[in-house]
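What follows is a set of notes on a single structure, which appears directly below.
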């Protein structure tokens with residue numbers, strides 16, 4: 001039987017019209033590239049979108065429309081001669097990027113270069129690895145298993161990017177000669193991160209061994225090399241070293257763009273990767289095809305006598321996979337809102353910035369719509385809590401993290417209202433109402449972010465900085481006479497509770513130590529008045 005010729009269905013329109021063979025390469029096929037012709041492809045029919053994907057698309061359309069409306073406003077004046085009255089124009093991203101601006105340092109009563117000093121502290125504290133080969137060390141199965149379990153419990157739920165069967169690969173590599181490769185580096189980084197999550201001082205040997213494979217990771221442009229770079233970033237996040245974490249994350253983003261060939265910048269003024277240009281081309285993750293670590297059979301059981309065969313990888317259970325998928329969808333939608341438009345600021349033709357109440361209400365409506373579409377397995381309850389009262393954590397770490405993001409986003413929406421009132425020295429009834437919304441959001445945020453700082457190891461530095469900036473902003477509200485009606489006793493109690501928050505585990509970060517001392521001094525000064 002004669003073989004039928006397999007027809008290429010991805011030929012470009014140019015090659016089709018010229019009736020020449022097309023290699024289907026994108027964005028430009030070989031024949032068009034050689035001849036300097038424009039290369040166009042027909043849109044490939046896509047499978048029907050799910051309900052969640054449809055709603056995400058609708059949210060994106062509304063965000064694009066709102067961004068378009070804002071882009072039609074005149075740009076604010078920028079330059080050394082810009083007065084402090086136009087400083088609001090620098091807040092168009094988020095109050096939680098305020099460490100990147102000098103103007104907000106003045107608003108918070110700090111030195112103009114306070115944020116730059118934090119970066120210098122972190123850069124001066126770089127962890128320089130040794131140039132000598134790592135020492136050979138013995139890896140016990142008990143320690144490797146405990147590290148893998150800790151990694152699964154505290155890290156992998158936020159970044160479920162490991163493939164099924166990883167447990168077998170992990171134990172196979174750690175029991176071998178540790179030859180330098182991306183696969184070896186990945187297994188050692190998982191062990192290092194798991195050790196830090198389980199017992200912070202024990203991850204060093206694994207990390208030093210992983211660095212021996214770093215040249216291979218940097219040289220390759222594969223999915224495994226990108227995973228290694230992401231985990232290098234996560235390792236430094238766990239050690240509260242945000243600058244090093246950002247550097248490796250930036251390298252990973254460039255490799256991703258090269259692979260396709262086509263998030264610490266939230267806190268610091270650092271280089272942007274422009275990876276958001278790929279936003280519309282990256283499909284949603286399939287969390288049913290990722291690695292999962294089997295939980296112990298009984299609460300009293302331990303991992304002491306567990307053999308490698310008894311912890312082999314299994315496919316994600318339906319419940320775990322559904323929760324991970326829900327978290328990813330919610331997180332993607334939240335980050336798109338924060339990335340595209342989350343500042344209720346408008347500019348007049350002469351460049352003067354001012355608060356835009358209608359934009360704020362629209363942004364809050366979109367935020368609440370995001371909440372309404374949260375599935376039950378990841379949804380948090382927006383219950384009212386008493387200042388200083390710890391949150392009910394029955395919804396788990398992922399839900400609490402989304403809860404923190406919800407109130408951080410609401411704070412970012414209404415911060416311009418607070419700034420406008422401070423700038424004018426007076427507040428209309430509408431402006432005062434929107435300032436109250438800022439205060440209410442902070443009161444609800446505080447117990448949840450205080451819990452998340454200890455619970456979420458990956459984002460400990462970022463959440464600590466957000467805790468500092470939001471509390472400093474709330475202090476400004478309490479100190480502003482025209483906002484006394486928006487203050488109330490609850491904010492005073494909340495600030496008293498903020499002074500008692502324990503900054504545990506921040507000894508390795510000089511910038512967080514600086515923030516802690518600054519905030520404690522400010523809160524102590526308020527109590528003494």
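The values are calculated or read from the model by the stated rules, or taken from the named source; none is laboratory data. What you are looking at is a predicted structure, and each value in this text was computed from that prediction instead of being measured. As a convention, Cβ positions derive from the backbone with ideal geometry for all residues, glycine included, and neighbour counts pool all protein chains shown.
Brief remarks follow.
- Filter result for the condition that a residue is in contact with a strand residue (DSSP E or B) (Cβ under 9 Å, 6 or more places away or on another chain) and either under 29 Å from residue 506 (Cβ atoms) or not assigned by TED's automatic domain parsing to the domain that holds residue 235 (or both), over 157, 152, 167: 152
- Flag for residue 243 being part of a helix (DSSP H, G or I) and under 23 Å from residue 513 (Cα atoms): yes
- Test: residue in segment 119-142 that is at pLDDT 80 or above, more than 17 Å from residue 195 (Cβ to Cβ) and touching a helix residue (DSSP H, G or I) at 6+ places or on another chain (Cβ under 6 Å): no
- Conditions (1) buried (at least 21 other Cβ atoms within 10 Å of the Cβ); (2) in a helix (DSSP H, G or I); number of the one not met by residue 250: (1)
- Residues in segment 478-487 that are in contact with a helix residue (DSSP H, G or I) (Cβ under 7 Å, 6 or more places away or on another chain) and surrounded by fewer than 22 Cβ atoms within 10 Å (Cβ to Cβ): 478, 480, 482, 485, 487.
- Residue match in segment 217-233 (condition: surrounded by 22 or more Cβ atoms within 10 Å (Cβ to Cβ), part of a loop (DSSP other than H, G, I, E, B) and within 23 Å of the chain's Cα centre (by Cα)): no
- Within the option set 442, 451, being crowded, with 22+ Cβ neighbours inside 10 Å, modelled with pLDDT of 90 or more and assigned to a helix (DSSP H, G or I) holds for one residue only, 442.
- Some residue of segment 396-407 being modelled with pLDDT of 80 or more and farther than 22 Å from residue 153 by Cβ: yes
Each row is one residue, and each column tells you yes or no for (1) farther than 22 Å from residue 403 by Cβ; (2) in a helix (DSSP H, G or I); (3) touching a strand residue (DSSP E or B) at 6+ places or on another chain (Cβ under 8 Å).
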{"residue": "421", "(1), (2), (3)": "yes, yes, no"}
{"residue": "427", "(1), (2), (3)": "yes, no, no"}
{"residue": "431", "(1), (2), (3)": "yes, yes, yes"}
{"residue": "487", "(1), (2), (3)": "yes, yes, no"}
{"residue": "523", "(1), (2), (3)": "yes, yes, no"}
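- Matching residues in segment 139-194 - criterion: being part of a helix (DSSP H, G or I) and over 27 Å from the mean Cα position of the chain (by Cα): 141, 142, 143, 144, 145, 168, 169, 171, 172, 173, 174
- Failed item in (1) in a helix (DSSP H, G or I); (2) surrounded by 17 or more Cβ atoms within 10 Å (Cβ to Cβ), with residue 458 passing the rest: (1)
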